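Q: Before I ask anything, here is the structure I am working with.
The values are calculated or read from the model by the stated rules, or taken from the named source; none is laboratory data. The structure displayed is predicted, hence computed values, not measured ones. Positions of Cβ are generated from backbone atoms using ideal geometry, with glycine treated the same way; all protein chains shown enter the neighbour counts. For accessibility, only protein heavy atoms count, side chains too; no ligands or nucleic acids. Shrake-Rupley method; radii C 1.70, N 1.55, O 1.52, S 1.80 Å.
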Amino acid sequence: MDILVLVKRVPDTESKIRINRETNSVVEEGLNFILSPYDEYAMEEALRIKGAKGGKVVAVTVGRDESLVILRKCLAMGADEAVLIKDPLPETYDGLRTARIIARFVQAKYPDARLLLFGKQSVGADNSQVPAMVAELLGIGQANVVVKLEVEGETATALREIEGAQEKVFLTLPAVVSAQKGLNEPRYETLKGIMMAKKKEIPIVSIEELGFKPDELAPQLAIIKMDQPPARQAGRVVTGVAEETARQLVEYLHTEAKII
Amino acid sequence: MILTYIETREKKIKKSSLEALSEARRKAAELGTEAAAVLVGTGIEGLAAELSSYGASKVYVLESGSLDRYSTQDYAAALAGLVKKLCPAAVFFSATAMGKDLAPRLAARLGVGLASDCTQVSAGDGGLEFTRPIFAGKALLTFRLTSSPQVVSLRPNVFPLAPAAAAGEVIRETVEIPATTARAEVTEILQESGGEIDVTEADIVISGGRGMKGPENFELLREISALIPRSAVGASRSAVDSGWIGHQHQVGQTGKTVSPNLYLAFGISGAIQHLAGMSSSKVVVAVNKDPDAPIFKVADFGVVGDLFQVIPPLKEELKKLRG
Ligand SMILES: Cc1cc2nc3c(=O)[nH]c(=O)nc-3n(C[C@H](O)[C@H](O)[C@H](O)COP(=O)(O)OP(=O)(O)OC[C@H]3O[C@@H](n4cnc5c(N)ncnc54)[C@H](O)[C@@H]3O)c2cc1C
Ligand SMILES: Nc1ncnc2c1ncn2[C@@H]1O[C@H](COP(=O)(O)O)[C@@H](O)[C@H]1O
């Protein structure tokens, strides 16, 4: 069974984000980039399914040359292949554009993939768009925000998180599944894996090769500005006897903030 | 027209859908157009009256046996059919679990962009402008969508409810749902114990971190929650990873983003990834024994003290208030 894992390079979650107001974009200088945390769960799940059922795991990203690093990480974790789809544009925040590229790639290069694994959200863009859009463009089923996945022959059962409950989703393959924290505990790369990953060749596919005409991929999003949110101000702090501080707190909530 | 998708669970309308409808009506008024709503499912026509009391001038009801249970594919197909017929300027969703599942599927089906999880919508000269947090709230992105209709999802608990009477004509629509071979079907819904409300939907979130010391002490937070209507218990990742509480309670960058009226943090240091999930709360209160804990930098009210000593009198004070 062939499994594609769609991965993205994103700034470390610890990062302080600085904005270039001229270009309305994030200053990349000084940022540490990682494989998006949810994509790591997707990657781990693919490796576990492969371990149990056999097949091939392919890590795929749409991005610039910088993204080769996260593909190497996927190879080091145990992916059999990795592909970079080279996108000339920096972050567009446009999920449909990315989804169109991925869907076309899957049709052209991996039409027999049975499972497409994603993160539930790319850390940074925080869109939660691409997995569902790819599923729609390919006309296949989807289960998003998944915390448990069982593959059985040509079907799969996924548990997905909704408010205060879980939905059990029955899928026929091929299907799109996006990973939530809780799905598994990602493995660390082994030294051997890292060495092997260094030697593997990573094919690069261009947008033109996928047959896109230039205007077909115009972003659907026109950015007006990027801002820092207003910083929260530190308020009052009380110390002292617990009974007294508790009373002050409730008084604040009741009479001043009028919440309780 | 701005069309708002109304989510129902167990034949009840979600509050966050009413928030989306309220915002749709405000923007429709600014743009000089009308706000309409759409219900999808079975046995839901009776809910239309509630929608007119939130300003929906028309309520479309897409009823069909095959829409009884939520299915992304069928719901997206049904909605796409209606959208093609009505040609609304925008379609609003609430960015709930269902909204995040359905809105991108509809947008892709229509071949248009999606503004997801927006916290602000403004009507400018060139149409609607959207603002949404990116990098877990460390930055805000403001943009327009260049395609039409504009598909939009709104973060729950951000947009105020605005009841307003409207004519509320109910229009039943028949829908064609194409048969598909590749399927995804919800076969079961497993309720969390006790049917507690989710942290993303609660008006007040009471969270505990590593300072709670163990799973049994989360009972203290549940006791506080029992004294406050529409509240839910949240947690830091440390508490979740220690196995003290389920990860559906986790607030933060790899957990849930919450925007309650009040966020109470007990024994949480305030790591950047935690702040990412709760900084859009209206009021933040922290109880921590370390006066230098970063959480105090974002707290409107801070109590420096041992949470195990503060919680018992806090419960007494809350009980007094309730009379
Ligand atoms: C990729 C990534 C994603 C992450 N995502 C998240 C996320 O989504 N959510 C999240 O929360 N974290 C996340 N983290 C983890 C984050 O960095 C912190 O480690 C975590 O938030 C710390 O949790 P804490 O505040 O409960 O624990 P600590 O940092 O250990 O703080 C415990 C606090 O309790 C106080 N305390 C102890 N005892 C008492 C007492 N008796 N009375 C009062 N106060 C007391 C201490 O003074 C301290 O401030 C993420 C990290 C990474 C790398
Ligand atoms: N540029 C990209 N290349 C490959 N996969 C992507 C890319 N962007 C998003 N994805 C996938 O889609 C998921 C959700 O991303 P998003 O819709 O941006 O929140 C991510 O976790 C990835 O699995």
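Q: Go through A:Ile34, A:Ile17 for me and flag whichever is within 16 Å of ligand 1 (Cβ to nearest atom) and within 18 Å of A:Met77 (Cα to Cα).
A: Exactly one of A:Ile34, A:Ile17 is within 16 Å of ligand 1 (Cβ to nearest atom) and within 18 Å of A:Met77 (Cα to Cα), namely A:Ile34.
Q: Next question, about the same structure. Restricting to segment B:10-44, give me the number of residues that are basic (Lys, Arg), over 14 Å from the mean Cα position of the chain (by Cα) and part of a helix (DSSP H, G or I).
A: 3
Q: Report the residue count in segment A:109-125 for those that are within 16 Å of ligand 1 (Cβ to nearest atom) and open to solvent by 20 Å² or more (accessible area, probe 1.4 Å).
A: 3
Q: To continue, here is another question. For segment A:194-260, which fully contained strands (runs of 3 or more DSSP E) count at least 3 residues that are within 30 Å of B:Ser148 (Cα to Cα)?
A: A:221-227
Q: In segment A:204-260, which residues are of a type in the set (Gly, Ala, Ser) and either over 30 Å from A:Pro111 (Cβ atoms) or at the interface with chain B (Cβ under 7 Å from one of its Cβ atoms) (or both)?
A: So the first thing to find is which residues in segment A:204-260 are of a type in the set (Gly, Ala, Ser), and the list is A:206, A:211, A:218, A:222, A:231, A:234-235, A:240, A:242, A:246, A:257.
Matches in segment A:204-260: A:Ala222, A:Ala231, A:Ala234, A:Gly235, A:Gly240, A:Ala242, A:Ala246, A:Ala257.
Q: Follow-up question, since we're still on this one. Might you let me know whether segment B:139-150 holds any residue that is within 16 Å of ligand 2 (Cβ to nearest atom), out of contact with any helix residue (DSSP H, G or I) (no Cβ under 8 Å at 6 or more places or on another chain) and either of a type outside the set (A, V, I, L, M) or more than 8 Å from chain A (Cβ to nearest Cβ) (or both)?
A: Checked against the condition, which is being within 16 Å of ligand 2 (Cβ to nearest atom), out of contact with any helix residue (DSSP H, G or I) (no Cβ under 8 Å at 6 or more places or on another chain) and either of a type outside the set (A, V, I, L, M) or more than 8 Å from chain A (Cβ to nearest Cβ) (or both), segment B:139-150 yields at least one hit.
Q: Run down B:Leu31, B:Leu51 and say which single residue is of a type in the set (A, V, I, L, M) and open to solvent by less than 40 Å² (accessible area, probe 1.4 Å).
A: B:Leu51
Q: Continuing with the same structure: Does A:Gly141 qualify as being small (Gly, Ala, Ser) and more than 8 Å from chain B (Cβ to nearest Cβ)?
A: no
Q: Now a separate question. Return yes or no: is B:Ser281 outside the structural domain of B:Pro133 (by TED's automatic domain parsing), open to solvent by less than 20 Å² (accessible area, probe 1.4 Å) and among the hydroxyl-bearing types (Ser, Thr, Tyr)?
A: So B:Ser281 passes the test.
Q: What are the pairs, 6+ residues apart or on separate chains, where a residue within segment B:55-76 that is outside the structural domain of B:Lys27 (by TED's automatic domain parsing) has its Cβ under 7 Å from a residue that is surrounded by fewer than 22 Cβ atoms within 10 Å (Cβ to Cβ) and modelled with pLDDT under 90?
A: none
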